1. Just to be sure before I move on: is residue 37 loosely packed, with under 14 Cβ neighbours inside 10 Å and modelled with pLDDT of 90 or more in the structure I sent?
2. So, in the stretch 8-34, exactly how many residues are outside any loop (DSSP other than H, G, I, E, B) and modelled with pLDDT under 85?
């Protein structure tokens, strides 16, 4: 699972937009569902962590699951080597 400081840094770099922070990828689905229920017409984008070095890549897989469940977009970071 992702660390809170990393998630917080990801969140604050989305300048000029209202944000909700799930803190942990396990919370992405309930947070997305709550936002969709409260704001049915709000454009939502799930900003995922890419935990490529972690088995199953939970940041990406949980973000994709949440986004698919509520019909929203997902963005992933791009890392350059």
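1. Numbers: loosely packed, with under 14 Cβ neighbours inside 10 Å: yes; modelled with pLDDT of 90 or more: yes.
Against the criterion (loosely packed, with under 14 Cβ neighbours inside 10 Å and modelled with pLDDT of 90 or more), residue 37 qualifies.
2. 5
The values are calculated or read from the model by the stated rules, or taken from the named source; none is laboratory data. Everything numeric in this text was worked out from a predicted model, so none of it was measured. Glycine also receives a Cβ, built like all others from the backbone with ideal geometry; neighbour counts cover every protein chain displayed.
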